[in-house]
Every structure is written in structure tokens, then in C-alpha cells.
Amino acid sequence: MDKSYVFYNGEIIEEEKVSVSIRSRVVNYGLGVFEGIRAYWSDEDQELYGFKLIEHYKRFLQSAKVVNLKIDYTAEELADFTIELLRKNGYKQTTYIRPIAYKDTKTVGVSIEGHEDDVVAIYLQPMGKYMEQEEFRVKVSSWVRIADNMLPPRTKATAGYLNSALASLEAKRAGYDEAVLLNRNGYVCEGPGENIFIFKKGKLITPPASDDILEGITRDLVMQLAREELGIECVEKSIARTELYNADEVFFSGTAMEVAPVVEVDDIKVADGKPGEICMKLKELFADITHGRNEKYKDSLRPVYGK
């Protein structure tokens, strides 16, 4: 495609027609929320599948509500706009979908009152692998995860991702692939942009929502697959840092990361230092679902080109 199209305040227009002022409050104060969604290309079906669009847009609307952003569309309407946008761009490859809502007021002052300059936009980015690694060496960060009564992680606020970026930068400068953040009580929270799981004594364990995590769409599916397809008990409970060292398996989940094994934490190998069997089974199940190869979970997908 010679031109890139975006959704902007109710219309699909050429991306070059959209601009954000340096005076905008979203630029100066990060007053916005966003979502991360994927559409997966299937070579077998010659089809692009939007993955769990409604679930992601419901979370997007919840985020906007918390920070007083007005979005005059339902989750279903936003999903329809997304399908139209994907068709307009003509993508035939796995594509990242980024909805964003923000305060575009251009006066100085940190305020989220009023709705006169609220903007809702969606743009697209072709994306295969988010990171090149097949397995991850991670470092527990010195940066503490933001708390729900500070800047709630569940809102996916643009400003909140400075916390993630600092943790990721620290880890990568130290030679690791990614970070793990603890919350203010010292419990394992999540990665900079990923939920985290451990497998121990036959149970899959992940931090609860009350431990300042983002309630991930992929996280929910991973737990469903573990229960229904692998017959594994899933537990949401606080995880101590040292439980990562002694787990049978550790892995990440998320829209960008998908399902990815963690083989080393703070220079300590997880089990034998190789991707775990449960993680790899879940990774395969997830890939089959997102690429339309599992009829049981077809309701998780929405075909873009209608084949």
C-alpha cells in the first residue's frame, strides 16, 4: 500500500492528515490510555484474523472511564471500525492494532476534566515476532511497579509505561532480555508489558489482580487452556521473588509477547534452564487458536476478509 490509513475521531483517513501538537496534554503529561491487539495472518486460510477484539475494546473502554476520557463508541462499534481499517490498509500479514484515546487540550495544566478535546484513534503496524528471542533471561528490577492507587496498571495509561520502560532499560543494560517487576509489598507483579506465570507442583500460578497487574486478555486464555485442554489447576495468588528461582517453569504471556518461556531469573536457571513442557504446550495451543487452526476456539477470532 502506498498510503497508510488510520481511524481518527469517527473517520478512516490518511495517516499523514493526523498530527499531534507539542502543546497537547498527551505529549506534555501523558494523559491517555491505549490497547494492544493483534490480527493474525493465516497462510492456510489466506485470511487475517482479529484476535479477541471485543474483549480488548471492553478493557479499552474501562481504562478510559477510570481516567475520564469520553469514547462515544461501543466495543462492538470499535471492533467494526478495526475490521474496516484492516481491510482499507489491505494487510495480509500479522498486524498489531493500537487504539489510543487521549486529552488533546493545548493549554498548560495537568487536568483531565472535560471532554471537549478528547481524541479516539486507531493505527496499525505489521508485526511478526515482538522480540527475537525464543526464550528469556530476566532480571528482577530495582524499579517498583506502580500501584493501583497511584497510577493503576489496569488502565493501560500511556503515562504508566514510563515505569515499564525504566525497568526494561535497566535489565537490558545489565545484559538481560527483559525485566520482572515487584510491587510495593515485594511480591512478583509482571514484566514491563507481560503477565507472568510459574508452574510448580502440578499447579499453574499467577499473581492476582490485587497485586497491581494488568488483567491480561492472553493471561485469561492461558488459564482457560491450562484448565480445559491440559487439565491443570490454576491458582491466582501472590508470588514471592524466590519462588521464581525454585519454580519448575516460568513464562510470560501477553499480546505482543504471546506465550514465551523464561529460562533464567537473576542468573539462576529455572529448573534445567530449558523451556518447560507446559509452557511449550500452551504456546502451541495459542498459536493454533490465533491462526484459525482450532475450531473449538473460533469465536476468539474475527475474519477480516470474510473467508
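The values are calculated or read from the model by the stated rules, or taken from the named source; none is laboratory data. In this text, all values refer to a predicted model and were calculated from it rather than measured experimentally. Cβ: placed from backbone, ideal geometry, glycine included. Neighbour counts: every protein chain shown. Surface areas here come from the heavy atoms of the whole protein model, side chains and all, with no ligands, DNA or RNA. Shrake-Rupley method; radii C 1.70, N 1.55, O 1.52, S 1.80 Å.
Yes or no: region 102-120 includes at least one residue that is polar (S, T, N, Q) and out of contact with any Asp or Glu (no Cβ under 7 Å at 6 or more places or on another chain). Yes, there is a match, as at least one residue in region 102-120 is polar (S, T, N, Q) and out of contact with any Asp or Glu (no Cβ under 7 Å at 6 or more places or on another chain). Scan region 166-186 and tell me whether some residue there is touching a Lys or Arg at 6+ places or on another chain (Cβ under 9 Å), of a type in the set (K, R) and assigned to a loop (DSSP other than H, G, I, E, B). Within region 166-186 (the criterion being touching a Lys or Arg at 6+ places or on another chain (Cβ under 9 Å), of a type in the set (K, R) and assigned to a loop (DSSP other than H, G, I, E, B)), the answer is yes, since at least one residue qualifies.
The condition (being touching a residue at least 24 places away in the same chain (Cβ under 8 Å), farther than 20 Å from K237 by Cβ and open to solvent by 10 Å² or more (accessible area, probe 1.4 Å)) is satisfied by just one residue among A121, A167, A209: A121.
Selection within region 260-307: residues that are of a type in the set (D, E) and open to solvent by less than 80 Å² (accessible area, probe 1.4 Å). The member of this set that is nearest to E84 (Cα to Cα) is D288.
Pick from E243, E229, E194: which is within 29 Å of N294 (Cα to Cα), touching a residue at least 40 places away in the same chain (Cβ under 8 Å) and out of contact with any helix residue (DSSP H, G or I) (no Cβ under 8 Å at 6 or more places or on another chain)?
E194
Within region 242-259, not a single residue is more than 26 Å from S141 (Cβ to Cβ), surrounded by 21 or more Cβ atoms within 10 Å (Cβ to Cβ) and either within 22 Å of the chain's Cα centre (by Cα) or of a type outside the set (S, T, Y) (or both). Here is the figure for region 124-154: residues that are in a loop (DSSP other than H, G, I, E, B), exposed (fewer than 12 other Cβ atoms within 10 Å of the Cβ) and at pLDDT 90 or above total 1. Could you list, in sequence order, all residues of region 92-109 that are surrounded by 19 or more Cβ atoms within 10 Å (Cβ to Cβ) and closer than 25 Å to G254 by Cβ? Hits for region 92-109 are T94, T95, I97, P99, A101, Y102.
Pairs linking a residue in region 1-18 that is farther than 17 Å from Y102 by Cα to a residue that is modelled with pLDDT under 95 and assigned to a strand (DSSP E or B), with Cβ atoms under 9 Å and 6 or more positions apart or on different chains, do not occur.
Scanning region 31-77 for residues that are within 23 Å of M257 (Cβ to Cβ) and over 18 Å from the mean Cα position of the chain (by Cα), we see that the one that is surrounded by the fewest Cβ atoms within 10 Å (Cβ to Cβ) is D43.
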